[in-house]
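First the structure, in the form of C-alpha cells, and then the observations on it.
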Amino acid sequence: MRCFLLFDNKGSDKNFIFDQIGLPVAIYFSPESKKKIFGWIKGVLKIISISRRNDTIICWFDFQAVLCFWICRLLFLRRNIICINLLLKIKSTWKNRIVSYLYKKALLSPNFKASVTSFEYGIWLNSHLGIDVKYTLIHDVYHEFYAFHGKVETKPGTVFCGGYNGRDWGFITEIAKKLPEVTFNFIMPYNVYQQIKSDIPSNVNAKCNIPYDQFMYELCSSSLVCLPLNTEAPAGLIVMFQAAANMKYIITTDTCTTREYLSDGKGSLIPNTTDIWVSTIKERLQMKKENENASDGLLRFLRTKCSEREFVDGIKKMIGKRNINI
C-alpha cells in the first residue's frame, strides 16, 4: 500500500507535515484555477490516476476527500481516504442538503476516515446527519509565525473583528451601534461590505481585501478581538490563533467548536445575544490584567495541544499500522 497527501493549494504552513510525518508519503497540490472547484476536481483526478487499489489518499481539504470518495465510487475504484478536519455546515438550503448527503454517504463508508478539530463538533455533526461515526481528534495547528513583529501600540477602547468564514457581520454591526463610545475595526470581505455599508455606524472603521501585515496591525492595535459566528462548524480559528499569539483577549460565540479552545476562562464564550455582547465588551475593556492572564492560558494550551507534532501524530493514527511504501 502506498500513501498520498493531496492539498487544495500551495501553502507554506503545510510543509511541516512532510518534514515530521516520518513515513514515505507522496505529496501533490491541486492546480490553480479561476473556479476553485475545477482545480479541486483536477487534483482529485490526478491523485486517483497515479494511485492503485487499496492505496491511502490523505486530503487536507475535507470537500476534496468527499470528491475523492464519490469519484472512486462512480469509477468502481477502491482507495482508503483520510479526511483531515471536517468543516461541514448544516443549512436549510437545497445546495447544503445535497452536500450533506454526499458527506453522509462518504462518512458511512469503511474506506473513509475523518478527523474533527473538536469532539463536540463530531457529536453535533453525527446528530444532524443521523449517523454514528467515530472521529479522530486533530486540533488545528498553532504556528509561532502568527506572532506579529511589527511595531504597534494598543489603542484603548478599540475592538477588532476580521476574517471571512462564518462571521456574523450583521450582528457585530448592531453591537457597534449600541457602543458608540467604542471604536470597531472591521476587516471584511468586499461583497459583505457592499451589502451592509449603508448600515455601518460612524464608530466603525471598515476595510476590505487588505495585505496580511495591515490585517495583523489592525488586530494588534485593538484592545479586544471579537468573533461573532453564525455556525457550529469550525470558523475563526486562524484569527483566534493570531489573537492568542499577540496576547489579545477573545470574545466569541459559544459553539461546540470554540468551546474546545476557549473553555476554562481562556476567553469569553457567549451566546449571540445583543445585551450580553454589549455588557461583555464593556466589562472586558476595563480588565487589562485579567485579559492578559486569560490570553496567556490560551497561548499555553495552543502550544501544547495544538502543536505540529500533535497534528502529525493524529494523521499517523488515522493512517494506521499498515505497511506503507512508495
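Observations, loosely collected:
- Between the exposed loop cleavage positions of the chain, defined as GluC sites (Glu not before Pro) in a non-H, G, I, E, B DSSP state with at most 12 neighbouring beta-carbon atoms within 10 angstrom, the longest gap is 182-326.
- Annotation note: chymotrypsin sites (Phe, Trp or Tyr not before Pro) in region 164-218 located in DSSP loop regions with a Cβ neighbour count of at most 16 within 10 Å are 164.
- The chain: angle of helix 119-129 to the longest principal axis, Cα-based, in degrees nearest 10: 70 degrees
- Applying the criteria of a DSSP loop state and at most 10 other Cβ atoms within 10 Å to the chymotrypsin sites (Phe, Trp or Tyr not before Pro) of region 7-109 yields 76.
- Once both labels are positioned 7 Å from their Cα atoms along Cα-to-Cβ, the gap between residue 102 and residue 191 label points is 1.7 nm.
- 15 Å reach of a label modelled at residue 259, 7 Å along Cα-to-Cβ, counting backbone N of region 125-151: 125-128
- Residue ranges 221-229, 131-139, 194-202 sort as 221-229, 131-139, 194-202 when ordered by packing (mean number of other C-beta atoms within 10 Å per residue, highest first).
- Region 28-54-region 266-300 distance, computed between alpha-carbon centres (Å): 43 Å
- Using a Förster distance of 56 Å, the FRET efficiency for residue 71-residue 149 (Cβ separation, nearest 0.05): 0.80
- Here r is the Cβ-Cβ distance between residue 49 and residue 19 and R0 is 30 Å; the resulting FRET efficiency, rounded to 0.05, is 0.65.
- Assigned charges on the beta-carbon of Lys, Arg, Asp, Glu; the chain dipole about Cα centre (debye): 1540 debye
- Structure note, pairs 35/89; 36/197; 10/46; 248/289: Cα-Cα distances above 18 angstrom occur for 35/89; 36/197.
- Angle of helix 36-50 to the longest C-alpha principal axis of the chain, folded into 0 to 90 degrees and rounded to 10: 30°.
- Degrees separating the helix 62-74 axis from the principal Cα axis of the chain, which is the longest one: 30 degrees
- Within the accessible area of the chain, the carbon and sulfur atoms contribute 53%, probe 1.4 Å, all protein chains present.
The values are calculated or read from the model by the stated rules, or taken from the named source; none is laboratory data. The model shown is predicted, which means the values in this text are computed figures rather than measured ones. Cβ sites come from the backbone with ideal geometry, for glycine too, and all protein chains shown count toward neighbours. Keep in mind that these areas ignore ligands, DNA and RNA; they rest on the heavy atoms of the full protein, side chains included. Shrake-Rupley method; radii C 1.70, N 1.55, O 1.52, S 1.80 Å.
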